[in-house]
Every structure is written in C-alpha cells, then in structure tokens.
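Asks: For reference, the structure I am asking about is given below.
The values are calculated or read from the model by the stated rules, or taken from the named source; none is laboratory data. Please read all numbers here as calculations on a predicted model, not as lab measurements. Cβ sites come from the backbone with ideal geometry, for glycine too, and all protein chains shown count toward neighbours. Just the protein is used for accessible areas: all its heavy atoms, side chains included, with ligands, DNA and RNA removed. Shrake-Rupley method; radii C 1.70, N 1.55, O 1.52, S 1.80 Å.
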Amino acid sequence: MPTTFQRARANERMLAVEEAQEQVLAAVAPLPEEEVSLGEALGRVLREDVIAPADVPQRDNTAMDGYAVRAGDLDGATQEHPAILRVIEDLPAGSLANRSVEPGTAIRIMTGALMPDGADAVAHVEITDAGRETVRVYQPIQAGTHIRRRGEDMLAGDIVVSEGIRIGPGEIGVLAAVQKSVLRVGRRPEVAILSTGNELIGIDEVRTPGKVVNSNAWALEALVREAGAIPRPLGIVRDTREATIAAFESALASDVIISSGGVSAGAYDFVKDALDALGAETKFWQVAMKPGKPVVLSTLRGRICFGLPGNPVSCMVSFHLFVAPALRKLMGQTTDILPPAVSVRMAADMTSRGDRRTYHRVRVVARDGSLLATPMRAQGSGVTTSMVQANALAIMERGVTHVEAGSVLPAVLFGMIGQ
C-alpha cells in the first residue's frame, strides 16, 4: 500500500508541557495493592498509613554515656571544686535500674538506657573523671540535659509513615521500629517496550551502513527499572502497519506500553495508525518542547500507551517528563510525582532557536551555596553522549535565543545533584 506523510488528525494540537503532564496524570489510576515483607519494600509505594502502636522512646532515656544525676547536686561545680557523688549502680542499655538516685549519688548510665527514678539529668562522661565508685563532676548542668523524652520520636496513634510515600531507607528504619513486618504496597506496573524501525539492529548484530543499534530499548528498560516498574522488552517492530498493529496487540498483556520511533510525520511512521486501528483514544500527539516534540499518549483497553520519539535523547527526555510520573501514580505515589524543579546558575552561555521551549542537558553540582549547571558538550537530539553524567534539564523558554553564563534558569532534575 502506498505511504504518505502523516497529517494531524482533527482537533489535534500541540500542547504545552504542563498541559501534557496534566493529561497524562488524568489518564492514570493507581493499580491494585499487594502485600510484601519489609525486606522487599525498598522502592515500593506504601498503600496504607502506618500507625505507631506505642510511644518511642517508651520512657525517658539517656542520649549520652555518663552519669544519671540530680542536677541540683552539681550547682557550683568547677574544675577546682568538683561535685563529688557516690556511684551506686551501673546501668547498661536494655536494663532497668534497681535503685533510685538520691541526693549525693549517681548511676553510671550508657546511651539508650532508661532514666532511673530520682535522676533529672545526665552528666556526660567528658565533664567527669569517669570514676567507678565515686565520680567527680566539673561543671553544673540543667535539669533535662541529655535526656530523650518519652514519645519524642513517636507517640502512640501517630501516623509515622503515610500512604502514597515511596519507601526509602529512612522509612524502612521507622517501619522496623514499629515492628511492621508486612506492608500493603502498590503493585509494580509491567511496561512493554517496543522499538520501531527498519533501520534498527540488535546489540549483537553486525552494523552495516544505514543501520542503527537499538539503544532505546536498553535505555528505556533501565529507566523503567529506575522508576520502580517491571520492563518487558518486546524487540524490534518493522515499519509496516500490520507489524505495528500486531506488536501493540501483543503488548496489551502489560499495564503500560512504550514504543520508540514511528510517531513523527514520516511516511513510515505507523504508531498512530496502529493505535487508531485498534480503537485507541489518542489524547495528544505533539508537545511544544525540544527535544521530544512528537509524543503520543493514548489509552487502549484500559492500558496506557506512550509513543516516544526515536531520537535517543528525545526518547529519554520524554520518559522523564511524562512516563516516569505516570508510573509513579500507577504505583500509588501521591507526593513528588513530577520531577523536581530547581533554579540553577549557568556555568556557560547557551543558545536556542527560540521556536519552542528547549530542555538543555546539564550537569548540576552544588557550589558555594547555589546550584551550578554546566551544559553538556553537544545538545542534538541524537547525541546519546549528552546524557552521560547529565542529571538535569535546564529550560530556555520559547522566544529566548541566548542565555549568558551566570544567568539563573529553571531546571528539572532527574538525577542526584553532584558535588
């Protein structure tokens, strides 16, 4: 069948990035939840509020190694005239005191041990002579010094980890502290990955003139894993309408479908045709951004379909801006769904055609109390090396064609800030 260049369908228009992101999130509903053990919970999204069953600490305890004392016994203590107290007991963490602290006495106490009756402060060992039978204390302290109060960390009934949070090491520690061994979390979406194009070859094939290694599939698989989802690579799809329809039909076994390539206006770009043939509802086709203008969002039989550009950088940038937020919402995340935005100071000049918003790949580091962004050497949408060490996208808005070094720009982070 003869091929023609793709034309915009009725009512199709180019969307602003923010509007496209809104449509993506509106099309996504969280997947069902499942139970996992605490040891399997890192990186998952919590789907329940976790309540503290008791106060933590359960009683007042010491924050320092030293001596449990009555603060009044140390009034006027100096290096020359220390307060001298009789040590009546040793108290390691995990044990309870057998005696109370009376005037003129002290209990040697280790960090974390519960405060004995009668004591209202802890003289840390550094201000004492570390005595065993008697202790000399060389300076006064106030009541309450070095005491962790009951419930200072958690109060019984408090929500200590909220539903919708992605579980990190800090959350794991809190969940362990409240003895939450089994958790309800969002199911991890399975993501089918298709790569379209007659020019593509596999990573182990011999590259001949005109052929391109299918790097997008590998990059997308890594991005999907990084987002917490499960990739399902389905290989290369040849540039025919029939092959593209069959590939999408097969991919419907997954929760999300990502294709790369075949979404522009070329005569052999069949992704939109295939989605139309299968009855998909296409939400948008083009976004006013560079790189990554041709991005398709469709829904098909309860599945979310993303058609991403074939140029490697366009593909990855589009993933960060649109696909990753969708995956976060699918897992039930309610905070930090969109990538974080920061202000950066440019380390070098940058230029743009100014015809639409441009996302420049940059390396952001912390310098002298601010964030310094260095543009990557080349900014072409096919320059894969521009993503190596890049951790952010500095934004030049439409109509801006030149930015001088030292200027402050907004940037979208997709990696850890460097040092």
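Asks: Could you tell me which residue of region 95-109 is modelled with the lowest pLDDT, considering only residues that are hydroxyl-bearing (S, T, Y) and surrounded by fewer than 19 Cβ atoms within 10 Å (Cβ to Cβ)?
Replies: My answer is S95.
Asks: Now for a separate question. Name every residue in region 1-19 that is surrounded by 13 or more Cβ atoms within 10 Å (Cβ to Cβ) and either at pLDDT below 95 or polar (S, T, N, Q) (or both), in order of residue number.
Replies: Within region 1-19, T3, Q6, E12, M14 qualify.
Asks: Can T385 be described as surrounded by 12 or more Cβ atoms within 10 Å (Cβ to Cβ) and in contact (Cβ under 8 Å) with a residue 40 or more places away in the chain?
Replies: no
Asks: OK, next. Name the residues in region 76-95 that are in a loop (DSSP other than H, G, I, E, B) and touching a residue at least 12 places away in the same chain (Cβ under 8 Å), would you?
Replies: G76, A77, T78, Q79, P82, P92, A93, G94, S95
Asks: Quick check on my filter: what residues within region 260-273 are of a type outside the set (D, E, K, R) and either buried (at least 20 other Cβ atoms within 10 Å of the Cβ) or under 28 Å from the mean Cα position of the chain (by Cα) (or both)?
Replies: S260, G261, G262, V263, S264, F270, V271
Asks: In region 217-257, which residues are out of contact with any Asp or Glu (no Cβ under 6 Å at 6 or more places or on another chain) and charged (D, E, K, R)?
Replies: E221, R225, E226, R238, D239, E242, E249 - these are the residues of region 217-257 that are out of contact with any Asp or Glu (no Cβ under 6 Å at 6 or more places or on another chain) and charged (D, E, K, R).
Asks: Inside region 125-142, can you point out the residues that are open to solvent by 70 Å² or more (accessible area, probe 1.4 Å), within 47 Å of the chain's Cα centre (by Cα) and not polar (S, T, N, Q)?
Replies: Result: E126, single match.
Asks: In region 384-419, which residues are modelled with pLDDT of 95 or more, part of a strand (DSSP E or B) and more than 18 Å from K290 (Cβ to Cβ)?
Replies: Answer for region 384-419, where residues must be modelled with pLDDT of 95 or more, part of a strand (DSSP E or B) and more than 18 Å from K290 (Cβ to Cβ): V408, L413.
Asks: Same structure again: Which pairs do you get when a residue that is over 7 Å from E163 (Cβ atoms) and assigned to a loop (DSSP other than H, G, I, E, B), found in region 46-57, comes within reach of a residue that is small (G, A, S) and open to solvent by 40 Å² or more (accessible area, probe 1.4 Å), reach meaning Cβ atoms under 6 angstrom, with the pair 6+ apart or on two chains?
Replies: A52/A156; A54/A156; D55/A156
Asks: Considering only residues that are within 9 Å of G66 (Cβ to Cβ) and either crowded, with 21+ Cβ neighbours inside 10 Å or in contact with a helix residue (DSSP H, G or I) (Cβ under 8 Å, 6 or more places away or on another chain) (or both), which ones fall in region 110-124?
Replies: Those that are within 9 Å of G66 (Cβ to Cβ) and either crowded, with 21+ Cβ neighbours inside 10 Å or in contact with a helix residue (DSSP H, G or I) (Cβ under 8 Å, 6 or more places away or on another chain) (or both): V122, A123.
Asks: Please list, ordered by first then second residue, the pairs with beta carbon atoms under 6 Å, 6 or more apart or interchain, first in region 139-153 and of a type outside the set (S, T, Y), second open to solvent by 80 Å² or more (accessible area, probe 1.4 Å).
Replies: Filtered contacts from region 139-153: P140/D75; R150/R59.
Asks: Say we look at region 45-69 and pick out the residues that are open to solvent by 40 Å² or more (accessible area, probe 1.4 Å) and of a type in the set (D, E); which of these is farthest from A97 (Cα to Cα)?
Replies: Within region 45-69, the match that is farthest from A97 (Cα to Cα) is D49.
Asks: Could you grab me the full set of residues in region 20-44 that are within 18 Å of E190 (Cβ to Cβ) and open to solvent by 50 Å² or more (accessible area, probe 1.4 Å)?
Replies: Across region 20-44, the qualifying residues are A29, P30, P32, E33, E34, E40.
Asks: If I ask for residues that are exposed (fewer than 12 other Cβ atoms within 10 Å of the Cβ) and within 23 Å of L338 (Cα to Cα), which ones from region 388-408 would you list?
Replies: Correct list: V388 only.
Asks: Can you confirm whether S100 is outside any helix (DSSP H, G or I) and within 23 Å of M154 (Cβ to Cβ)?
Replies: Criteria not met by S100.
Asks: Also: Test V191 against the stated conditions and say whether it is under 27 Å from the mean Cα position of the chain (by Cα) and of a type in the set (V, I, T).
Replies: Criteria met by V191.
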